[in-house]
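Remarks on the structure that follows.
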Amino acid sequence: MKTIITGNIELIVNELRTGKVAAIPTETVYGLAANALDEIAVASVYEIKNRPKFNPIIVHIKDADSLRSYAEDIDEKVFELAGRFSPGPLTYVLRKRSIIPDIVTAGNEGVGLRISSHPVLKSLLDMTGFPLAAPSANMFGKVSPTSAREVMDDLNGKVSYILDGGNCEVGIESTVISFMDKVPVILRHGGVTREEIEEVIGYVETGNSKKILSPGMLESHYAPSKPLFITEDDITPEHLSKLDAGYLDLKKYADLKTAAVNLFSELRALDKSYCSVILCNLVENKGLGVAINDRLIRASSGNIKLEKGKPETSEVKHA
Ligand code: TXA
Ligand code: MG
């Protein structure tokens, strides 16, 4: 199969209408989309990505009013959040209506619904008339792509079209918040921070604090193919040359927002470069820093003390 990067939305609408899968832009990362109401099309998404069938897929819908078409018993807090953050990088896990096939939610009662702010995806949803199930457009376990070119690196030969919407403005995935329990729970940190959410609806749990995990948090995610080591030490040119290491330098960005935008593309670029390992420091663990550190820790092979020059712990985080 030949894979083409295109700006032609109508072409993609036709693909999706005939049950095919296409890569699409969102403001967070690129997605691998299929008609969410067509279970055979959704099954192809799992196959192409090599994604385990127990990991549910987010459904992209056109506006907050449509939440009611796909979910029931919706907490008023969801609409308060939607008023502030949707369209945007926030996904609500809500009790699904039967119109959503079980394969989309991996058999769970909750469905993840998101309203993206990307103008190209908005037009696409207006034109198809059906919602789009779309996980990130990387092969399972790899770093999410933030440009059409990066999607091509992963999915060349696996889809016919990649719809080009430019570079993603947020750069890390959406925050996933579940309303399946009395107290809302953040299942994945992302583009909207916990602090921002709590300003609107008050206290929320996090997956870690309550040991509730999004199925997708269980496995390897966001990993480059070269080992990435996290260090608390300052990283100097001497360290880099001694270890034949590339430096994922997030300090050079003016703020965490800019660091998030560039995080995955830098990781991909370092992965392609000549170094043997990648070194980085964590960022301050608040605001967007929580989501950035989460991605770094998942991508890493362990911690390193640079004076010793070899990994101190190589905790295996994933098989
Ligand atoms: O920004 C994003 O969220 C991107 C763009 C394409 O929208 N999508 C994305 O999808 O990151 P994915 O599949 O790579 O990650 C979705 C995460 C996974 O951790 C998954 O387990 C969780 O959301 N999730 C999706 N649906 C869920 C559900 N019904 N219940 C619990 N967790 C869910
Ligand atoms: Mg993903």
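The values are calculated or read from the model by the stated rules, or taken from the named source; none is laboratory data. The structure presented is a predicted model; accordingly, all values stated were derived computationally and were not measured. Here the Cβ positions follow ideal geometry from the backbone for every residue, glycine too, while neighbour counts run over all protein chains shown.
Being within 14 Å of ligand 1 (Cβ to nearest atom), surrounded by fewer than 17 Cβ atoms within 10 Å (Cβ to Cβ) and more than 17 Å from the chain's Cα centre (by Cα), is that true of even one residue in segment 5-21? Looking through segment 5-21, none of the residues is within 14 Å of ligand 1 (Cβ to nearest atom), surrounded by fewer than 17 Cβ atoms within 10 Å (Cβ to Cβ) and more than 17 Å from the chain's Cα centre (by Cα). From L113, L125, grab the single residue that is within 18 Å of A23 (Cβ to Cβ) and either assigned to a loop (DSSP other than H, G, I, E, B) or at pLDDT 95 or above (or both). That would be L125, the only listed residue that is within 18 Å of A23 (Cβ to Cβ) and either assigned to a loop (DSSP other than H, G, I, E, B) or at pLDDT 95 or above (or both). For segment 64-82, the set of residues classified as more than 18 Å from K122 (Cβ to Cβ) and either free of Cβ contacts under 8 Å to residues at least 40 places away in the same chain or not aliphatic (A, V, I, L, M) (or both) consists of R68, E72, D73, D75, E76, K77, F79, E80, listed by residue number. Residues of segment 105-115 being out of contact with any Pro (no Cβ under 6 Å at 6 or more places or on another chain) and within 16 Å of ligand 2 (Cβ to nearest atom), which ones? Matches in segment 105-115: G112, R114. Run K158 past the list (1) assigned to a helix (DSSP H, G or I); (2) away from ligand 1 (no atom under 11 Å from the Cβ); (3) more than 16 Å from L67 (Cβ to Cβ) and report the number of the one that doesn't hold. Single failed check for K158: (1).
If I filter segment 125-133 for residues that are within 21 Å of I24 (Cβ to Cβ), touching a Pro at 6+ places or on another chain (Cβ under 8 Å), in contact (Cβ under 8 Å) with a residue 40 or more places away in the chain and within 13 Å of ligand 1 (Cβ to nearest atom), do I get at least one hit? Looking through segment 125-133, at least one residue is within 21 Å of I24 (Cβ to Cβ), touching a Pro at 6+ places or on another chain (Cβ under 8 Å), in contact (Cβ under 8 Å) with a residue 40 or more places away in the chain and within 13 Å of ligand 1 (Cβ to nearest atom). For segment 208-242, taking the residues that are within 16 Å of ligand 2 (Cβ to nearest atom) and crowded, with 18+ Cβ neighbours inside 10 Å, the one that is modelled with the highest pLDDT is identified as P224. Residue under question is A34, and the condition is that it be touching a helix residue (DSSP H, G or I) at 6+ places or on another chain (Cβ under 6 Å) and of a type outside the set (S, T, Y); does it hold? Criteria met by A34.
Residue pairs whose Cβ atoms lie under 8 Å apart, sitting 6 or more positions apart in sequence or on different chains, and linking a residue in segment 262-275 that is within 12 Å of P224 (Cα to Cα) to a partner that is polar (S, T, N, Q) and crowded, with 18+ Cβ neighbours inside 10 Å, are F264/S144; F264/T146; S265/T146; S265/S147. The set of residues from segment 90-109 being more than 18 Å from the chain's Cα centre (by Cα) and either surrounded by fewer than 20 Cβ atoms within 10 Å (Cβ to Cβ) or at pLDDT below 95 (or both) comprises R95, R97, S98, I99, P101, D102, G107, N108, E109.
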